[in-house]
Every structure is written in C-alpha cells, then in structure tokens.
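Below is one structure, written out as structure tokens, with a few remarks after it.
Any read-out appearing in this document is the output of simple, stated calculations on the displayed coordinates, not a laboratory observation. Because the structure is predicted, anything quoted here is derived from the model rather than measured. All Cβ positions, even for glycine, are placed from backbone atoms using ideal geometry, and neighbour counts span all protein chains on display.
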Amino acid sequence: MKLHYLVFIPLLFCILNVKVSAQPSLFTPKGVGGGGALFFPKINPANDNEFYVSCDMSQLFHSTDYGKSYTQVHFSKLQVFNTSTYEFTKDNKIAYCNFNDGNSGYPVKTTDGGNTWKTMANYSVANYGNVYRIVANYNNPNQLIIGAYGDILFSNDGGASFRLVKHADSNGAGLILGGVFWDGSNIYIGTNDGLIRSTDSGASFSVQNTSGIASGQVIWSFV
C-alpha cells in the first residue's frame, strides 16, 4: 500500500503540473485571419482603399488603408462564411452580406453602415437552402441577386421580397451564380446553365443564346 501511495502522488502532481502549464498566459496577434483561410475581398467602388475580406473561421476583416491595417467586425454584429462578401452600395449606410449562424447561411442587410444587421425574413432557407452568394447592384441599393444551391433569386425592393430567376437544369450540378453585370435596365448573370439576361430592370429574365463557349464548357466565374 505504501508503494502504491508513493507512486500515485508524483504521478498526480505531474498531471496537474502539465494542465496548469498548458494554459497560455499571453496571446499575440498573428495577422489577419489568425491562421484561417481568406476569401473574396470586396473593394468599395467609391474608395479603393477600403475593402472587406471574409475568413472561413467566421470573421469579417475590414481595411480602410488598402491592407496596411485591419479591424475585425465584432462577432456579435456579424459572422460570415467563406462564401460571404460585404456588398457595398452607393448609399454607404446600406450593404448586404451572408450571415453564418453555424448551420445555414441566410441573407442579412444593414441600413446603418454595419452597426446592426437584420435578417431578410422573406428568404426561405427551408425552400431554397443555404445562400452561396449575394450580389448587390451598387448603383441601385434596392436590387440584389442571391444564389442558392439550385436557384437564383432576384429582389427589387431591398430584400423585402424575392422571386425566382431560374431553377437549375440539373439538381445534381446545381446552379452556380458566377457573377452579375449591372448595366442600367440590363442585368446579365453568368451561370453554369448559361448567360441569363434581363432587359427590363429585372421584371423578366431569360437565358440568352450565346456563341463562343465550346460544348461541354460552362461559366464558373463572371466579372
């Protein structure tokens, strides 16, 4: 019994000592991202010194001096995915983003320059699934397009309502929102199902006949 007792005490002391010494006493900054991967920097069209960049660890970083320094949007205000972008508009109080709640992504909007973000209640995650991309019309803050897995949706009233632009030709492939070109009343959307066009400010959309893309090739990114 004495032998067991003597062996146990040093062993217990070592375990406690390891646990105590394992706790960090000091944290030091390791740069934007902190080790996470960074995605989709979005530059303010009115000020190319300002941009936001999202991280796959839910942070959204902000720079106003073209990357010389960064601040982090507080997690209690906004958390993001690696698919999230900060969508600027010409009204510096209005912007859009894709919120990361740890489960499903859903669109949010700020009308006070990012101090608060509100859910767009009429976007149905149950019907459309996670948001993969949001693209806002910088010159018209009321217009935005959302890409879900198999659907692209359009809003002409700042996210108060949405209507279907197109459903995927193949549920297996989904519908990739590669990008949007806003040109007054003309709206062009590059997708893996072709080039979708509206000539009436989004009242109607149709797939445009195009040439120059080889058979079996599709649009992945559109800028």
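Once Lys and Arg get +1 and Asp and Glu get -1 on their Cβ, which of T191, I94, V80 lies farthest toward the positive end of the dipole of the chain?
V80
What is the dipole size for the chain, taken about its Cα centre, with +1 at each Lys and Arg Cβ and -1 at each Asp and Glu Cβ, in debye to the nearest 20? Don't skip to the answer; put the middle values down first.
On the way: 14 positive and 14 negative charges, 157 e Å.
Charge dipole, the chain, about its Cα centre: 760 debye, nearest 20.
Would you list, by chain and number, the aspartates and glutamates whose Cα falls below 15 Å from the Cα of K68, excluding same-chain residues fewer than 8 positions away?
Result set, ordered by chain and number: D48, E50.
If the chain between N47 and F27 were fully stretched, how many nm would it gain, using 0.36 nm times the residue separation less the Cα-Cα distance?
Working: separation 20, 0.36 × 20 = 7.20 nm, distance 3.33 nm.
Between N47 and F27, full extension yields 3.9 nm more.
Which value in deg cm²/dmol, rounded to the nearest 500, describes the helix-derived mean residue ellipticity at 222 nm for the chain, given -39,500 (n - 2.57) per DSSP H run of n ≥ 4 and division by the residue count? Before the final figure, lay out the partial values.
Values: 2 runs with 24 residues, N = 223.
Value at 222 nm, helices only: -3500 deg cm²/dmol.
Just to confirm a number: summing +1 for Lys and Arg and -1 for Asp and Glu over residues other than K166 whose beta-carbon lies under 15 angstrom from that of K166, what do you get? Could the numbers behind the result be given before it?
On the way: positive: R133, R163, R197; negative: D151, D169, D193.
Neighbour charge sum, excluding K166 itself: 0.
GNM, the chain, Cα, under 10 Å: largest mean-square fluctuation among L175, L164, L144?
Most flexible of the set in this elastic network: L164.
Nearest 10 degrees is fine. How inclined is helix 2-21 to the longest principal axis of the chain, computing both from alpha carbons?
For 2-21 against the chain, the angle is about 40 degrees.
In Å and on Cα atoms, what radius of gyration and Dmax does the chain show?
That works out to 23.6, 90 Å for Rg and Dmax.
With each label point set 7 Å from Cα along the Cα-Cβ vector, what nm distance links D169 and T210?
1.2 nm
Using every alpha carbon pair in region 115-193, what percent of pairs falls into each 10 Å bin from 0 up to the bin containing the largest distance?
18, 53, 26, 3
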